[in-house]
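**Q** Can you keep this structure in mind? I'll have questions shortly.
The values are calculated or read from the model by the stated rules, or taken from the named source; none is laboratory data. Because the structure is a prediction, the values reported are computed rather than measured. With ideal geometry, Cβ positions are generated from the backbone for all residues, glycine too; neighbour counts draw on all protein chains shown. All accessible areas refer to the heavy atoms of the entire protein, side chains included, with ligands and DNA or RNA removed. Shrake-Rupley method; radii C 1.70, N 1.55, O 1.52, S 1.80 Å.
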Amino acid sequence: MFIKKRTSYLLFFLAYIGALVIEKPTYSVNTVQACFSYMFTVMMHFSIFALMITANNRLLIPYLLEKKRFGGYVTGLIGLVLLYTFFTGHYNSFIHRVFFHDEPVNTSSGFWDNLIYGLCCSVIVAMLYVTQKWSEQQEQVKNSQINQLQTELKYLRAQINPHFLFNGLNTVYGYIDMANIRARDMMVQFSDLLRYNLYEADVDMIELEKEIKYLKNYVALQKARSNDNMEVTLNVNYQNGGVKVAPLIFMAFVENAFKYVSRGDNEANSIVIALTEKDGGIDFTCDNTCDETEGPAGGIGLNNAVRRLDLLYKDRYRLDITKEQNSYRVHLTLAA
């Protein structure tokens, strides 16, 4: 999490180290002591720079810039850069004459060069800091919008009388001939799907075993309405059914597979779904054949699934979607 948030800062520091090393090519390092002296100089230079950047980020920006005290921030930043310039101009001769008793490392930078360089670097890092804060605020706005959509969805669900729906299903079930076992089973499966959506899926996390049961019922109904030339396979293997997962998190990918699977009469049409749980981690794959000219596009369902993954799992998931000539594959990994 820290690496992801601070990537821009790390890249900036690495670029600075590279520029710092390139800046001092005239120093001769013929002995081990000379090499150590040179590296110590580089580390001291970088330490002074790092202290300046840290003071800017931890003190000046939070206590002055974010509180809109722009005059104080500019004054503090100029003072900080002047300190950086002073120490940069004096540490070289001090450490070599006092500690190593050798010649200082020759540099091409003078007072004004160091001043402008320090000021530019401080401004760039301040821009990175402000950009990071803006990104976090945008994420908060995005989460608020998601919460608003969830509230609207709950409101829409409340407009439907679930008792009427289930009473109607029971009535239809009673009129199905007792000998038509397949139709009665399908009605029960559909009732279970509806009950899961209305009563159980309205939470952030749910037991994996319940999600698997829903997945099996959905696949069974889809297989019943598919042609004989389509092969649908569902492989489930789990150790702990009590592991918590986001409800319906896999369904967008499964629905997408049934929607875009190839249906040619003279070709192999297949959907292969696999879900494995081990030590709390979940590995989910969904493969389906598809027409070469028509591949699954990113619709609302897939976009919402990715948004939910970002919201609920953040850095604890990996999603790979690949489209080849006649196949489409989704691979989702959820960390424990």
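**Q** Go through (1) without any contact (Cβ under 8 Å) to a residue 40 or more places away in the chain; (2) among the charged types (D, E, K, R); (3) out of contact with any Ser or Thr (no Cβ under 9 Å at 6 or more places or on another chain) and name the single condition Glu267 misses.
**A** Single failed check for Glu267: (3).
**Q** Now a separate question. Criterion first (over 25 Å from Glu200 (Cβ atoms), aliphatic (A, V, I, L, M), under 28 Å from the mean Cα position of the chain (by Cα) and surrounded by 15 or more Cβ atoms within 10 Å (Cβ to Cβ)) does Val243 satisfy it? Explain how you work it out, then say what you get.
**A** On the way: over 25 Å from Glu200 (Cβ atoms): no; aliphatic (A, V, I, L, M): yes; under 28 Å from the mean Cα position of the chain (by Cα): yes; surrounded by 15 or more Cβ atoms within 10 Å (Cβ to Cβ): yes.
No.
**Q** Let me ask something else about it. State the number of residues belonging to the range 299-332 that are in a strand (DSSP E or B) and open to solvent by less than 70 Å² (accessible area, probe 1.4 Å).
**A** Going residue by residue through the range 299-332, those that are in a strand (DSSP E or B) are 317-323, 327-332.
Applying the additional criterion that residues be open to solvent by less than 70 Å² (accessible area, probe 1.4 Å) yields 317, 319-320, 322, 327-328, 330-332.
Residues flagged as in a strand (DSSP E or B) and open to solvent by less than 70 Å² (accessible area, probe 1.4 Å) within the range 299-332 amount to 9.
**Q** Inspect all residues belonging to the range 150-163 and state whether any of them is at pLDDT 75 or above, assigned to a helix (DSSP H, G or I), within 28 Å of Phe253 (Cβ to Cβ) and not basic (Lys, Arg).
**A** The first filter runs over the range 150-163 and keeps only residues at pLDDT 75 or above, leaving 150.
Of the ones still in play, those that are also assigned to a helix (DSSP H, G or I) are 150.
Checking which are within 28 Å of Phe253 (Cβ to Cβ) leaves us with 150.
Those left that are additionally not basic (Lys, Arg): 150.
For the range 150-163, residues at pLDDT 75 or above, assigned to a helix (DSSP H, G or I), within 28 Å of Phe253 (Cβ to Cβ) and not basic (Lys, Arg): present.
Let's see how each residue does on (1) surrounded by 15 or more Cβ atoms within 10 Å (Cβ to Cβ); (2) of a type in the set (Val, Ile, Thr); (3) closer than 19 Å to Glu255 by Cα:
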residue: Thr171; (1), (2), (3): no, yes, no
residue: Gly174; (1), (2), (3): no, no, no
residue: Arg184; (1), (2), (3): yes, no, no
residue: Gln189; (1), (2), (3): yes, no, yes
residue: Lys210; (1), (2), (3): yes, no, yes
residue: Tyr214; (1), (2), (3): yes, no, yes
residue: Val219; (1), (2), (3): yes, yes, yes
residue: Asn227; (1), (2), (3): no, no, yes
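**Q** With the requirement that a residue be in contact with a strand residue (DSSP E or B) (Cβ under 8 Å, 6 or more places away or on another chain) and under 16 Å from Asn269 (Cβ atoms), what does the range 206-226 give you?
**A** Pass one, the range 206-226, residues in contact with a strand residue (DSSP E or B) (Cβ under 8 Å, 6 or more places away or on another chain): 206-209, 211-212, 215-216, 219, 222-223, 226.
The answer is Val219, Gln222, Lys223, Ser226.
**Q** Another question about this same structure. Looking only at the range 312-336, which residues are under 16 Å from the mean Cα position of the chain (by Cα), of a type in the set (A, V, I, L, M) and at pLDDT 85 or above?
**A** Quick first cut of the range 312-336, residues under 16 Å from the mean Cα position of the chain (by Cα) only: 312-321, 331-336.
Next, only the ones that are of a type in the set (A, V, I, L, M) stay: 312, 319, 321, 332, 334-336.
The answer is Leu312, Leu319, Ile321, Leu332, Leu334, Ala335.
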